[in-house]
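Since the structure comes first, as structure tokens, the remarks are kept for the end.
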Amino acid sequence: MSLKRSITAVAVATAVLAGCAAQAPQSDASPKSIIFMIGDGMGPAFTTAYRYYLAGEAGSEVNPTVFDDLLVGMASTYPEDNTWVTDSAASATALAAGVKSYNGAIGVDGQKLPVEGVLAKARKAGKSTGVVATSQVNHATPAGFVAHVASRRMYDAIAEQYVQQRIADQTMLDLILGGGQRYFSRDPGGLAEQMAEQGYQQIWSMNELDQLTQLPAMGLVADVALPHAIDSDQPERLDAMTNKALELMSGQDEGFFLLVEGSQIDWCGHANDIACAMAEMHDFSAAVARAKAFVDANPDTLLVITADHSTGGLTLGANGVYEWKPEVVAQVHASVRPLTEHLMAGGKTALSSRWRDKVDFDLAPEELAALEKGFDQGEEKLGRAVLKVINNRTVTGWTTGGHTAVDVPVMAYGAGAEAFIGHQDNTQIPQRMMQLMGW
Ligand SMILES: [Zn+2]
């Protein structure tokens, strides 16, 4: 009885999974193009939180998110190190090349030898290539797909490889879109000028995005990272860049490989800042919906979405309380650092009123007392007190300022999506892409 029931459950689950993938337009041929989207730090608690964040107060109607619609499986993420917990560099190398490596490794194996990833293979196959990120473009995740260096900290060497590395007599990338101006010097002879000489259209701010009209193109729109979505005057900046990337890529006869990273979900997770994380999820979700619409219009495209790891040990509910309050998360309109700076900039007597400049609920007397104490002890302590108020009010839990080893969700849609159904190791994701492409 119980065996029969469990078999039926498996059959139903398989049918549901197959149904998800089968919603996508199918094609027997290899995909022409691949859109690979990585939500950095986007463990399952983040996709769950985002669903309830959209629903609002508990008891509200719950609708599936685009992540729910496209979910096909899960992936393990452990690195080659003697640990189960990966960093973004080892995971990017795994997701790019199908090879496990050590934490910190960018496109190299455990012996620090270069490994060829899907982006390079796409290049060799004559496809256009691009990376889009809300961090600096030479940060670990995109770098793992493009460069080969022993350490993620080698930002300058990574940027140089973006410009100077050649594969099949070509540069690695037709499109570079994100932050990182400081790593691509605009001085005479600098990397930016070298790229201009190679024919790249260039822009230096989000306002100029429309000026990119053809490949090759580069837009470095921030000195290092873009502002957090929650603090940005353009909170859907990843969606805007993804839209531009797809517009530029779609005209390419041989197809393309595009990597899109929602870089800062992870950073909000490190900060244990739930409002920050949900704003990043919202932007990433919009970019995913846009990519899905592109696949609907171009069914020979494969869309795969996953995370490199989870961050922060996020829990929805904490301290024995059977509640989570996304409607309170939505009342916070700044990430913790600018909120704290705004509080510090006023006097101690202005804490309550300045809090209300950025947050839609009043501080309770004991919360105000905690903030006053933090204020006296300086910005770092005040920041911790601010986070404590937000996490207590929203009943959000965090176990770490680092990463965790939980499996991450895998979503797939379009040509070949069914190859990603079920549980897999993260190294199998690019391996399956390569199989589908015949590389
Ligand atoms: Zn991280």
Residue that is farther than 21 Å from VAL406 by Cα, more than 16 Å from the ligand (Cβ to nearest atom) and at pLDDT below 95, where the choices are VAL62, VAL10: VAL10
Residue ID - surrounded by the fewest Cβ atoms within 10 Å (Cβ to Cβ), chosen from residues in the stretch 281-331 that are within 16 Å of the ligand (Cβ to nearest atom) and among the β-branched types (Val, Ile, Thr): THR306
Residue check for PRO79: at pLDDT 95 or above, part of a loop (DSSP other than H, G, I, E, B) and buried (at least 17 other Cβ atoms within 10 Å of the Cβ): yes
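I'd like to check which helices (runs of 4 or more DSSP H) are fully inside the stretch 336-439 and have at least 1 residues that are within 16 Å of the ligand (Cβ to nearest atom) and closer than 21 Å to THR306 by Cα.
Values: elements: 336-345, 351-358, 365-377, 379-394, 428-437.
So the answer is none; nothing clears 1.
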Test: residue in the stretch 134-153 that is in a loop (DSSP other than H, G, I, E, B), aliphatic (A, V, I, L, M) and closer than 19 Å to GLN202 by Cβ: yes
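Report yes if GLY374 is farther than 22 Å from GLU80 by Cα, touching an Asp or Glu at 6+ places or on another chain (Cβ under 9 Å) and not assigned by TED's automatic domain parsing to the domain that holds PHE256, otherwise no.
Values: farther than 22 Å from GLU80 by Cα: yes; touching an Asp or Glu at 6+ places or on another chain (Cβ under 9 Å): yes; not assigned by TED's automatic domain parsing to the domain that holds PHE256: yes.
It is true that GLY374 is farther than 22 Å from GLU80 by Cα, touching an Asp or Glu at 6+ places or on another chain (Cβ under 9 Å) and not assigned by TED's automatic domain parsing to the domain that holds PHE256.
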Per-region count, the stretch 164-204, residues outside any strand (DSSP E or B), without any contact (Cβ under 8 Å) to a residue 40 or more places away in the chain and within 25 Å of SER250 (Cβ to Cβ): 7
One residue from GLN161, GLN111 being open to solvent by 10 Å² or more (accessible area, probe 1.4 Å), in a helix (DSSP H, G or I) and without any contact (Cβ under 8 Å) to a residue 24 or more places away in the chain: GLN161
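Of the residues ASP210, ASP109, ASP156, ASP169, only one is modelled with pLDDT of 95 or more, among the charged types (D, E, K, R) and under 22 Å from PHE256 (Cβ atoms); which? It would help to see each step written out before you state the result.
Values: ASP109 fails: under 22 Å from PHE256 (Cβ atoms); ASP156 fails: under 22 Å from PHE256 (Cβ atoms); ASP169 fails: modelled with pLDDT of 95 or more.
Result of the check over ASP210, ASP109, ASP156, ASP169: ASP210.
Report, by residue number, each residue of the stretch 237-273 that is within 16 Å of the ligand (Cβ to nearest atom) and assigned to a helix (DSSP H, G or I).
Applying the first criterion (within 16 Å of the ligand (Cβ to nearest atom)) to the stretch 237-273 yields 261-273.
Residues satisfying the conditions are ILE265, ASP266, TRP267, CYS268, GLY269, HIS270.
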Residue among ASP210, ASP223, ASP187, ASP169 that is surrounded by fewer than 17 Cβ atoms within 10 Å (Cβ to Cβ) and within 28 Å of GLY269 (Cα to Cα): ASP223
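Residues SER60, SER151, SER91: which one is in contact with a Ser or Thr (Cβ under 9 Å, 6 or more places away or on another chain) and among the polar types (S, T, N, Q)? First the steps, then the outcome.
Working: SER60 fails: in contact with a Ser or Thr (Cβ under 9 Å, 6 or more places away or on another chain); SER151 fails: in contact with a Ser or Thr (Cβ under 9 Å, 6 or more places away or on another chain).
Going through SER60, SER151, SER91 in turn, just one is in contact with a Ser or Thr (Cβ under 9 Å, 6 or more places away or on another chain) and among the polar types (S, T, N, Q): SER91.
The values are calculated or read from the model by the stated rules, or taken from the named source; none is laboratory data. In this text, all values refer to a predicted model and were calculated from it rather than measured experimentally. Don't worry about glycine lacking a Cβ; one is built from the backbone with ideal geometry, like all the others, and counts go over all protein chains shown. The protein model used for the area step is the full one, side chains on, heavy atoms only, and it has no ligands, DNA or RNA in it. Shrake-Rupley method; radii C 1.70, N 1.55, O 1.52, S 1.80 Å.
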